[in-house]
Amino acid sequence: MAVVVFDPDKFRLAHPAFMDEVRYPDEALENAFNLAVELIGNDDDSPIPYDPEATPPVLTRAVVLDLITCHIATQNFLWDDAQTGPVTNATEGSVSAGFGSLGDANDPAYWMSTKCGAQAWQILQRYASGPIYFGVEHFYMGG
């Protein structure tokens, strides 16, 4: 059974916004990875393939978990604590900002709130069946 193992140093290289190890410790990034695993799974029951020993290697689940980890870390660590979702509007005079809501993972808008999430969404759609239902009991994306 092949599982993706999280490597915080490799993650930081791919996503330089999280390079500060004091501000974004390994444990915080690992927690974001664990949340990503809860969404799509990380074992043979996951519909997203991962076989690093194949020729050529099949690394799709590693790519998707990396993108979802980035998505979750962006929402949890880069957004201000008072920010409930992506910025939807802003003004400069008298400083004002409006935020959308996050929704849940069943809503495509949830994925579109970050660049990493939007990229993950595009890949995940290949593995959906019917109304974007992934063959894992804990992953249903509406429809």
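Of note:
- Each residue of the stretch 109-125 was assigned a 3J(HN,Hα) from its phi angle through the Karplus expression (A = 6.51, B = -1.76, C = 1.60, θ = phi - 60°), giving 4, 4, 6, 7, 6, 9, 4, 4, x, 5, 5, 4, 4, 4, 6, 4, 4 Hz with x at Gly and Pro.
- Under-5 Å amide H pairs with Asp51, H placed in peptide plane, nonlocal only: Val58, Leu59, Thr60
Coordinate-derived values only; no laboratory data. Owing to the predicted nature of the structure, the values given are computational and were not obtained by experimental measurement.
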